[in-house]
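Notes follow the structure.
The values are calculated or read from the model by the stated rules, or taken from the named source; none is laboratory data. The model shown is predicted, which means the values in this text are computed figures rather than measured ones. Positions of Cβ are generated from backbone atoms using ideal geometry, with glycine treated the same way; all protein chains shown enter the neighbour counts.
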């Protein structure tokens, strides 16, 4: 396909996009930008975007995809509660995942991949069940790590994004492919911003210990 064809597809997507789709996209952008700066308001934005997305998918008859988004909703609520500053306690710090958390992450990725593949293969008409399942399972792992404020969340979210971009192009969902590319770029810089925060906290802790 040449560039002119992709521009035509993108333009057609813009004309066919409903107000609810724009709302979902805008909340999705807000969520990742807020996550990039380590702001707890990413969760209300994510919840609003996910609820809107579930509504859109149900209207479109994509019931399996709608059910998958329920997970994102649950993880957003969990993450919001987990991030909240408890009484007389400091807020949750950004850290690297422990060995136990890495084990859970790998289980989410590969067990989720297998289960989702079987469900999509058996109960849906998907022609890309293996690919679709991989995008979802890696995103699940990233969301879980994000809720825990673990640096590795950006890595897994971008693995998901990297596979989602060509998948969306294959499905001619050019607008959402462009959005995912934007999220990929933001997540790339988000990792380094979180890394800088972690280094700053580590240096401050070291100063206090030596004081």
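Before moving on, here are some points about what is shown:
- Test set (1) at pLDDT 85 or above; (2) touching a helix residue (DSSP H, G or I) at 6+ places or on another chain (Cβ under 6 Å) - residue 10 fails condition number: (1)
Results for (1) within 19 Å of residue 131 (Cβ to Cβ); (2) touching a residue at least 60 places away in the same chain (Cβ under 8 Å); (3) in contact with a strand residue (DSSP E or B) (Cβ under 6 Å, 6 or more places away or on another chain), shown as yes or no for each residue.
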| position | (1), (2), (3) |
| --- | --- |
| 158 | yes, no, no |
| 164 | yes, no, no |
| 168 | yes, no, no |
| 172 | yes, yes, no |
| 179 | yes, yes, no |
| 193 | no, yes, no |
| 196 | no, no, no |
| 199 | no, no, no |
| 204 | no, no, no |
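- Residues that are exposed (fewer than 11 other Cβ atoms within 10 Å of the Cβ) and outside any helix (DSSP H, G or I), drawn from the range 99-127: 125, 127
The rows are residues; the columns are (1) closer than 26 Å to residue 84 by Cβ; (2) touching a helix residue (DSSP H, G or I) at 6+ places or on another chain (Cβ under 6 Å); (3) in a helix (DSSP H, G or I).
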position: 134; (1), (2), (3): no, yes, yes
position: 141; (1), (2), (3): yes, yes, yes
position: 145; (1), (2), (3): yes, yes, yes
position: 162; (1), (2), (3): no, no, yes
position: 188; (1), (2), (3): no, no, yes
position: 191; (1), (2), (3): yes, yes, yes
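- Residue 208 surrounded by fewer than 12 Cβ atoms within 10 Å (Cβ to Cβ) and free of Cβ contacts under 8 Å to residues at least 60 places away in the same chain: yes
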